[in-house]
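See below for the structure under consideration.
The values are calculated or read from the model by the stated rules, or taken from the named source; none is laboratory data. Quantities reported herein were computed from a predicted structural model and do not represent experimental measurements. Reconstructed Cβ throughout: ideal geometry from the backbone, glycine too, with neighbour counts over all protein chains shown.
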Amino acid sequence: MNQPIDRRSFLATTGAATVVAAAPAFAQADADQSRALTAFLDAEYEKEVMMDPEELTSQGRKDRYDELTDRSEAAADKVLAWRRDSVARMKARFDPAKLSEDARTSYDMWALELERSQLSSRWRRHRYIFTRGGAHTGLPNFLINFHRVDDRRDAEAYVARIGKIDAALDQLLVRAKAGAADGVRMPRFDYKQGLADIARVTKGAPFSDGEDCPLLADIRRKVEALRAGGKVTDAEAETLVKSAAAAMTGRMKPAYDRVVAWLTEDMANASAEARGAGALPNGQRYYADALRLQTTTDMTAAQIHDLGLSEVARIRAEMEGVKAQTGFKGTLPEFFVFMRTDQRFYLPDTEAGRTEYLQRAEAFLAEMKAKMPGYFGILPKADLVVKRVEAFREIPGAAQHYFAGTPDGSRPGIYYSHLSDMKAMPTYQLQNIAYHEGLPGHHMQISIAQELTGVPRFRTQYGYTAFSEGWGLYAEALPKEMGLYTDPYNDFGRLSGEIWRAIRLVVDTGIHAKGWSEEKAVAYFLANSAQPEAAVRAEIQRYFLNPGQATCYKIGMIRIQQLRDKARSALGPKFDYRGFHDVVLGGGSQPIPVLEARVTRWIARQRRA
């Protein structure tokens, strides 16, 4: 029933979530109008970001530094109303036919954001609140990693923010209860995960005896740095730490207790068996819209499922070839078991093993950094560090991830690894993951976007998952063409990473459109991958919690590869990796149809040159 699909043409036959008109000649482009649009959009984006204190901080700014972002539905309504007004004013003032090519892209993207915001708003009560990675761990993580303390006022702002965590959690509790009243509850396993996360956040002083909790340890460390630098007195330092502890016990902890009480009470109403989006009210329509938002295409669940089956079959065939290179004599499923269980592929579950894991990642990144100038013209200025995930939010087997640095470079990008269970972290996958999260993957793509000049500022900050994760997966494959992956086991790791994302196409749609159980999804994953079972189970649970997101990686990768092959075919000897990569990354994160139009115009210019 599932016929092989031509991956190079498949995406071209599907629609885009918002059709981008064919590029006009721009013969009548008005330079003044184009500059005026950029100024208009910069002013509008400043209004947007000023409504979000935490986003300001993440960008390295200290405006509204003692506040947290309003998480209420009323605040979301206010932002949506502002965006409607902003787009209406833009359309009334600017004629897109008179804009330059790049200005027209900015115009289309700003208008597109209204469409996406309206669609997203329709389903805001379908999104799980106290799920893994939610604000109950995200807020402490935000303060620890993003709130810089350079002077006494910054420390006071930190303490003030601790005292406002209760309001943020209470707003989210209202939303979680509203979702539950509408029949939307996360799977029971995530209730348990949320309770475990909160227990870790609130473990230790000042809540109980023992070592400082992560948040108190962080503010104590930052205040001590001020004291050592002569920026506060001993008495001021003591007062700041005591004030932080008082805010934690007097305001923050009671709010966490309210969340714990509700999660504990409501958990009995949640399904013991994990269910996909299709089991939620209006679930099939919700999932279709989730796919539309995540992929920025109009691909249906059935199309994505069939593409995944085809890609899994293709990659398995490539794996057979790599298996033969290693000299392994058994079948591919037996090779999966070998790779999954042989101890040569795992570092010790000790601090020394974790340190070595991070050091190996750094070595792969250093090797890549030396080769990048031959393949990329634009290179990131921002630094990159490799770190273990903080203990209070670490999940055994969870996916490694990236946190962006600041646009001004004052905070580096961070490539994070979950290392609490080293048996879930095979070393043969370390090389391709380092490329995905670091260079030339997320760190490069996001840093270049943030460092762009000459475009509206929103284009340096907005992100589209299909673009960013598609680039991350493309960045895993590209090093093969750069002469890397010389170890066949690591090359198998590259294919393991790719089949992992192809499996996601099958499993995500299986869960949310076809009603697959957690065990059926796990079984399919294990049958087609060497991933450790602990990592597989963590992955599958993740798919239940964020419908559609897991499909973006492979869809975005295929489209970028398709555009590269189109450029190589059209340009012949004129094709240059540096030029192609610069045009892909040089416009910032873009919806798939916008990227396609941009590359198509670049090819036309190169052919005329």
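Values for this structure:
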quantity	calculated
Checking Lys381 against (1) within 22 Å of the chain's Cα centre (by Cα); (2) in a loop (DSSP other than H, G, I, E, B); (3) surrounded by 17 or more Cβ atoms within 10 Å (Cβ to Cβ), the condition it does not meet	(3)
Complete set of residues in the range 497-531 that are farther than 24 Å from Pro479 by Cα and not in a helix (DSSP H, G or I)	Lys514, Gly515, Trp516, Ser517
Residues within the range 44-91 that are touching a Lys or Arg at 6+ places or on another chain (Cβ under 6 Å) and among the aromatic types (Phe, Trp, Tyr), tallied	1
Some residue of the range 321-335 being closer than 17 Å to Gly497 by Cα and out of contact with any helix residue (DSSP H, G or I) (no Cβ under 8 Å at 6 or more places or on another chain)	yes
Search result, residues across the range 204-258 that are among the acidic types (Asp, Glu), over 30 Å from Ala176 (Cα atoms), in a helix (DSSP H, G or I) and within 34 Å of the chain's Cα centre (by Cα)	Glu224
Residue within the range 450-458 that is buried (at least 24 other Cβ atoms within 10 Å of the Cβ), out of contact with any strand residue (DSSP E or B) (no Cβ under 7 Å at 6 or more places or on another chain) and farther than 16 Å from Ala363 by Cβ present	yes
Checking Phe207 against (1) surrounded by 15 or more Cβ atoms within 10 Å (Cβ to Cβ); (2) touching a strand residue (DSSP E or B) at 6+ places or on another chain (Cβ under 9 Å); (3) over 14 Å from Tyr158 (Cβ atoms), the condition it does not meet	(2)
Test: residue in the range 567-585 that is in a loop (DSSP other than H, G, I, E, B) and more than 19 Å from Glu469 (Cβ to Cβ)	yes
Lone unmet requirement of (1) outside any helix (DSSP H, G or I); (2) surrounded by fewer than 16 Cβ atoms within 10 Å (Cβ to Cβ); (3) touching a helix residue (DSSP H, G or I) at 6+ places or on another chain (Cβ under 7 Å) for Ala178	(1)
Matching entry among Pro373, Pro348 (being in a loop (DSSP other than H, G, I, E, B) and at negative phi)	Pro348
The range 36-56 residues that are among the small types (Gly, Ala, Ser), paired with ones that are outside any helix (DSSP H, G or I) and surrounded by 15 or more Cβ atoms within 10 Å (Cβ to Cβ) (beta carbon under 8 Å, 6 or more apart)	Ala36/Phe94
Any hit, the range 119-129, residues being of a type outside the set (Gly, Ala, Ser), more than 25 Å from Leu291 (Cβ to Cβ) and touching a residue at least 60 places away in the same chain (Cβ under 8 Å)	no
Test set (1) surrounded by fewer than 24 Cβ atoms within 10 Å (Cβ to Cβ); (2) over 21 Å from Phe345 (Cα atoms) - Arg537 fails condition number	(2)
Condition broken by Ala363, with the remaining ones in (1) out of contact with any Pro (no Cβ under 6 Å at 6 or more places or on another chain); (2) in a loop (DSSP other than H, G, I, E, B); (3) of a type outside the set (Asp, Glu); (4) surrounded by fewer than 20 Cβ atoms within 10 Å (Cβ to Cβ) satisfied	(2)
Residue under evaluation Leu332, criteria (1) within 30 Å of the chain's Cα centre (by Cα); (2) farther than 24 Å from Met557 by Cα, criterion not met	(1)
Evaluation of Glu265 against (1) in a helix (DSSP H, G or I); (2) farther than 30 Å from Ile165 by Cβ (one fails), failing number	(2)
Candidates Arg83, Arg127, Arg148 - the one that is at pLDDT 95 or above, under 30 Å from Thr233 (Cβ atoms) and crowded, with 16+ Cβ neighbours inside 10 Å	Arg148
Matching option when the condition is in contact (Cβ under 8 Å) with a residue 12 or more places away in the chain, in contact with a Phe, Trp or Tyr (Cβ under 8 Å, 6 or more places away or on another chain) and of a type in the set (Asp, Glu), among Glu437, Glu390	Glu437
Test: Leu68 is crowded, with 16+ Cβ neighbours inside 10 Å and either among the aromatic types (Phe, Trp, Tyr) or within 23 Å of the chain's Cα centre (by Cα) (or both)	yes
Which numbered condition Ser420 fails, given (1) more than 17 Å from the chain's Cα centre (by Cα); (2) more than 30 Å from Ala205 (Cα to Cα); (3) hydroxyl-bearing (Ser, Thr, Tyr)	(2)
Test result for Gly556, modelled with pLDDT of 95 or more and under 19 Å from Arg494 (Cβ atoms)	yes
Every pair of residues 6+ apart whose Cβ atoms lie under 8 Å, when the first sits in the range 215-226 and is assigned by TED's automatic domain parsing to the domain that holds Leu143 while the second is charged (D, E, K, R) and assigned to a helix (DSSP H, G or I)	Leu226/Arg152
Scope the range 291-306; condition touching a helix residue (DSSP H, G or I) at 6+ places or on another chain (Cβ under 7 Å), within 16 Å of Ile511 (Cβ to Cβ) and hydrophobic (A, V, I, L, M, F, W, C); matching residues	Leu291, Ala301, Ile304
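Rundown of residues vs (1) within 20 Å of the chain's Cα centre (by Cα); (2) crowded, with 18+ Cβ neighbours inside 10 Å, yes/no style:
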| position | (1), (2) |
| --- | --- |
| Ile503 | yes, yes |
| Val507 | yes, yes |
| Ile511 | no, yes |
| Glu518 | no, yes |
| Phe525 | no, yes |
| Asp576 | no, no |
